[in-house]
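Note sheet for the following structure.
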Amino acid sequence: SRAIKTNQDLLPETPWTHIFYNDFWGTLLTHSGSHKSYRPLCTLSFRINHAVGGMDPWGYHLVNVLLHAAVTGLFTNFSRILFGDGYWTLIAGLLFASHPIHTEAVAGIVGRADIGACLFFLLSLMCYVKHCSTRGSSPSTWGWILGAGLCAGCSMLWKEQGVTVLAISAVYDIFVFHRLKMHQIISALYKRKNLTLFFSIGLLTSWGTALLGVRLYWMGNRPPSFSNSDNPAADSDSFLTRTLTFFYLPTKNLWLLLCPDTLSFDWSMDAVPLLKAVSDWRNLHTVAFYAGLLLLAYFSLKGSSNEREFNGKTVMNGKQNANGHSCHPEMEYKTLEVKSSFASKEENGLKKHEIQKLQLPSTENIVILSLSLLIVPFIPATNLFFYVGFVIAERVLYVPSMGFCLLVTVGVRALYVKAQKRFLKNLVFCSTAALIVFYGLKTVVRNGDWQNEEMLYRSGIKVNPAKAWGNLGNVLKSQSKISEAESAYRNALYYRSNMADMLYNLGLLLQENSRFSEALHYYKLAIGSRPTLASAYLNTGIILMNQGKTEEARRTFVKCSEIPDENLKDPHAHKSSVTSCLYNLGKLFHEQGHYEEALTVYKEAIQKMPRQFAPQSLYNMMGEAYMRMSRLPEAEHWYVESLRSKSDHIPAHLTYGKLLALT
């Protein structure tokens, strides 16, 4: 709703340049309540969608699916560099295309930010790969690195984690293209032939630092603030709880990639219970996860490998394990010249860097790159540098899932190569095919959950019952299923009794069904839970005014009008509620015959009124107050303004007609 339906930046009357000053939700980026999610290219794509098809969701979904198809094609193309033209590349591409974790990013419109970021992420990486292959042999090589930098910038403007592609490019250059091991990096610094390598790495580092510096400056040099329900661990007073929980969350994310059996639209609140003690059994998962990760990284970075890939066939200890010519690669880290099957090609004028292009990276090289792709883009979501506004978000795994798919593929390939018997080879291959089929079936099932809001929220009840029941209540209310909606709200409050939004929504439902005393009770509870909830003050004041408790209503409206909009999640909605409060306060004064006070309040309302507020009733009441004071020219001005803002506003036609009859 906030990213598209109520986002003023999508409307044609809003200057398109506002997109570059506001966050993803249309709030000014420097505002204290902004989420600091600066994604102007994604918002621009929404605006184009809106210009072409308005609010018809079909066009928005079409763009998301096309973007996902493009990303899948680019990822498969990148996999060819690592696995060659064989079926391993196809397996990597199919794993990515079918993975259920992508459903939220593709089926949920706001997930486009992750898909767009991934698209330019891959374009940047492909440009850098081209730079590596042409470095030292073609002047166009610096054009490729320029393209890599520009695409990295675009990726960051789709979503923040896009900037991490620069680190992945550096990993590719060092560990895949140059095939350096950890112990070789220091000695490589002193070799003159590696100057271009370190110059390229220096350019990547400088550009990354510049992008991050500009990004930090543009968001006002301070991180966003979130409510405790968005990220409960961040709000915990216990250092042990925060540490254990934050260490555990990446483990949970990896499990979602490995076995996406239980998925949810929202993992906030108590969806993942906090780890409060060392004795919590989930700490074993954490230890196993980090131990496995470190061991995999250590053995990949450590020694020299006796395995190389040539044209898609594995060569071990100088002998091919498939039928063909014997190859004896020299263990030189930068270029491995082949003395047998490539000798004739070299004699025919094939250059060393062209021979290198025919070779494929070793298993260890691919593992290093895969781990980097899995870990580095996920780092911004780990709460390591700043707290984030979620516990787990499936859409955030869209980019890291590329590393996961490569890791699975290289692991399967290693098993296939090691297997001696044909039966075992077939078993590995069939198991991989079954995994892809199961992923695809789960994706189809999960797409069914995303068909409509009711199905989506029902599917999330077992993971996050408080949030799911609350959102389901809103859907049932819109379907006029009042008793079911009330039951859903009460279920949500059973799981989490202090949710201000749910208390307010239940109060609103009761108010609309003339159960005013119950509604007042829940509005007061909502205000107690969140003292800045202006809409709860507004409706409380309206009920009190209708019950004849004018003094109590006046105090409520005045208190509401004094609530500042700092650090609020949705300042636009808050300003609308404050404006409505002032409008009702003015009506109260008007009914009491205090027209001067009413005009003063109406003018304050006009000053605080946000752009999306419908002002016709406010303008009409301004005209009424001037009419009662016999200031007819001013009254006529405001009646005309009311009709200009909404030409079919019947009360303004009636009051303006009376004035015309009088004059």
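The values are calculated or read from the model by the stated rules, or taken from the named source; none is laboratory data. Nothing here was measured: the structure is a model prediction, and the numbers come from that model. Here the Cβ positions follow ideal geometry from the backbone for every residue, glycine too, while neighbour counts run over all protein chains shown. The area values use the complete protein model at the heavy-atom level, side chains included, leaving out ligands, DNA and RNA. Shrake-Rupley method; radii C 1.70, N 1.55, O 1.52, S 1.80 Å.
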Only one of these is in contact (Cβ under 8 Å) with a residue 40 or more places away in the chain and either surrounded by 13 or more Cβ atoms within 10 Å (Cβ to Cβ) or in contact with a Cys (Cβ under 7 Å, 6 or more places away or on another chain) (or both): ASP280, ASP270. Name it. ASP270
Could you tell me which residue of the stretch 69-84 is nearest to the chain's Cα centre (by Cα), considering only residues that are open to solvent by less than 40 Å² (accessible area, probe 1.4 Å) and more than 20 Å from TYR398 (Cβ to Cβ)? PHE83
When every residue in the stretch 410-435 that is closer than 18 Å to PHE96 by Cα and of a type in the set (A, V, I, L, M, F, W, C) is compared, the one least open to solvent (accessible area, probe 1.4 Å) is VAL410
Read through the list (1) surrounded by fewer than 19 Cβ atoms within 10 Å (Cβ to Cβ); (2) within 21 Å of the chain's Cα centre (by Cα); (3) over 30 Å from TYR248 (Cβ atoms), then give the number of the only condition that THR196 fails. (2)
Inspect all residues belonging to the stretch 554-561 and state whether any of them is of a type in the set (A, V, I, L, M, F, W, C) and open to solvent by less than 20 Å² (accessible area, probe 1.4 Å). yes
Of LEU203, LEU180, LEU211, which residue is in contact with a Lys or Arg (Cβ under 9 Å, 6 or more places away or on another chain) and among the aliphatic types (A, V, I, L, M)? LEU180
Tell me which residues, restricted to the stretch 454-486, are small (Gly, Ala, Ser) and either crowded, with 21+ Cβ neighbours inside 10 Å or closer than 18 Å to LEU525 by Cβ (or both). GLY460, ALA466, ALA468, GLY470, GLY473, ALA485
Test for LYS575: is it within 25 Å of SER1 (Cα to Cα), modelled with pLDDT under 90, buried (at least 18 other Cβ atoms within 10 Å of the Cβ) and out of contact with any Cys (no Cβ under 9 Å at 6 or more places or on another chain): no
Unique match (being of a type in the set (A, V, I, L, M, F, W, C), out of contact with any Pro (no Cβ under 9 Å at 6 or more places or on another chain), under 30 Å from VAL171 (Cβ atoms) and surrounded by fewer than 19 Cβ atoms within 10 Å (Cβ to Cβ)) among LEU62, LEU66, LEU11, LEU44: LEU66
LEU204 is checked against (1) crowded, with 19+ Cβ neighbours inside 10 Å; (2) closer than 30 Å to ASN283 by Cα and fails just one. What number does that condition carry? (2)
Please go through the stretch 359-396 and pick out each residue that is assigned to a helix (DSSP H, G or I) and among the hydroxyl-bearing types (Ser, Thr, Tyr). THR363, SER370, SER372
Read through the list (1) at pLDDT 95 or above; (2) crowded, with 17+ Cβ neighbours inside 10 Å; (3) out of contact with any Cys (no Cβ under 9 Å at 6 or more places or on another chain), then give the number of the only condition that TYR398 fails. (3)
Report whether or not LEU520 is out of contact with any strand residue (DSSP E or B) (no Cβ under 6 Å at 6 or more places or on another chain) and crowded, with 23+ Cβ neighbours inside 10 Å. no
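This table checks each residue for (1) of a type in the set (Ser, Thr, Tyr); (2) more than 22 Å from GLY26 (Cβ to Cβ); (3) within 35 Å of the chain's Cα centre (by Cα).
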site	(1), (2), (3)
VAL578	no, no, yes
GLU591	no, yes, no
TYR595	yes, yes, no
THR600	yes, yes, no
PRO610	no, no, yes
ASN620	no, yes, no
GLY623	no, yes, no
Filter the stretch 85-132 for residues that are open to solvent by less than 10 Å² (accessible area, probe 1.4 Å), under 28 Å from GLY208 (Cβ atoms), over 17 Å from the mean Cα position of the chain (by Cα) and of a type in the set (A, V, I, L, M) and give the result. ALA92, LEU122, LEU125
Spot the failing condition for TYR248; the list is (1) open to solvent by 30 Å² or more (accessible area, probe 1.4 Å); (2) assigned to a helix (DSSP H, G or I); (3) touching a helix residue (DSSP H, G or I) at 6+ places or on another chain (Cβ under 6 Å), and only one is missed. (1)
Does HIS590 satisfy the criteria of being in contact (Cβ under 8 Å) with a residue 12 or more places away in the chain and out of contact with any Phe, Trp or Tyr (no Cβ under 7 Å at 6 or more places or on another chain)? yes
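Condition check ((1) of a type in the set (A, V, I, L, M); (2) open to solvent by 20 Å² or more (accessible area, probe 1.4 Å)) across all residues:
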{"residue": "SER140", "(1), (2)": "no, yes"}
{"residue": "GLY149", "(1), (2)": "no, no"}
{"residue": "GLY162", "(1), (2)": "no, no"}
{"residue": "HIS178", "(1), (2)": "no, no"}
{"residue": "MET182", "(1), (2)": "yes, yes"}
{"residue": "ALA188", "(1), (2)": "yes, no"}
Consider GLU551 against the criteria (1) surrounded by fewer than 22 Cβ atoms within 10 Å (Cβ to Cβ); (2) touching a residue at least 24 places away in the same chain (Cβ under 8 Å): it satisfies all of them except one. Which criterion is unmet? (2)
Subset of the stretch 601-633 [surrounded by 16 or more Cβ atoms within 10 Å (Cβ to Cβ) and more than 17 Å from SER576 (Cβ to Cβ)]: ASN620, MET622, GLY623, GLU624, ALA625, TYR626, MET627
Neighbours by Cβ (under 7 Å, 6+ apart or cross-chain): first from the stretch 478-496, among the hydrophobic types (A, V, I, L, M, F, W, C); second part of a helix (DSSP H, G or I) and open to solvent by 30 Å² or more (accessible area, probe 1.4 Å): ALA485/LYS477; ALA488/TRP469; ALA492/TRP469
For the list (1) at pLDDT below 95; (2) open to solvent by 50 Å² or more (accessible area, probe 1.4 Å); (3) more than 21 Å from THR409 (Cβ to Cβ); (4) not polar (S, T, N, Q), I need the number of the one condition that VAL287 fails. (1)
